[in-house]
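Comments concern the structure below.
What follows is calculated from the coordinates using simple rules that are stated; it is not laboratory data. Only a predicted model underlies this, so the values are computations on that prediction, with no experimental measurement involved. We place every Cβ from the backbone using ideal geometry, glycine too, and count neighbours over all the protein chains shown.
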Amino acid sequence: MLRPVRCAAPLKMRLPLVAAALVAAGLTTACGPSSPPAGSAAPAPAGQSARSLPSETASATASAGASPTASAPPSPTAFPSASAATRPASSPTPSRTPSRAPSGSTAGGKPEASTAPAPARIPGPGYDASADARQQIEAALRAAKADGRTVLLDFGANWCGNCKAADKVFAQPATASILGADYHLVKIDIGGGSPANSALLRTYSPSGGTYTMPVLVAVSSSGKVLTDTHVTGNPSLTSDGINSFLRTWAS
């Protein structure tokens, strides 16, 4: 007795299933097994709580943060360099005092004008019997107080040979230079019989007696008699003798 044969599922129904299986197998081969993306946390094992992950992450972060802190170099501003520590502090610049101009020159470098007094006037030869000798002496003393020169009183007469010899020396350039620089010369006539002039002679040469003309009396600016040739004797009436005398009693 023939048994009825079961027919397989119609071909139209199996083709879609085969095609779907082939497509799935091809995708798996081309892409490979899937893996979790980098940086994503692995799934927690069974029985482990998911809350334990933050504590491990915190400890890892703390350990990672401790290392840089220990090895970090010191801040450059916290510790000055050795050269900066040993460098001496600069001292303040001392104030300068303006330099004073050298003696004899002005601040601009030009020489100062000479302050030496002009040469004194030297009277000519002979003796003026009409002159007021007292006033001339007083004027000479006032000038001497102003410029520090010495007053030289020359008592003589126009007929006296020694007085003429002295006048010639006074006119020589070297002697005239000394007289003009250091003396105020006053010539007093005692040969004409003037009582006033004779009184002046006795005032500045009080020793009295016979006078040998000329009588030369050096007087300081204060009126003090420095020397009197009626007492000491006249110097040689030559250039060397009179110049030596004048240099000795110059101020």
Each label sits 7 Å from Cα toward the beta-carbon; between residue 131 and residue 177 the label points are separated, in nm, by 2.5 nm
Residue span residue 244 to residue 198: 0.36 nm per residue of separation minus Cα-Cα distance leaves a gain in nm of 13.8 nm
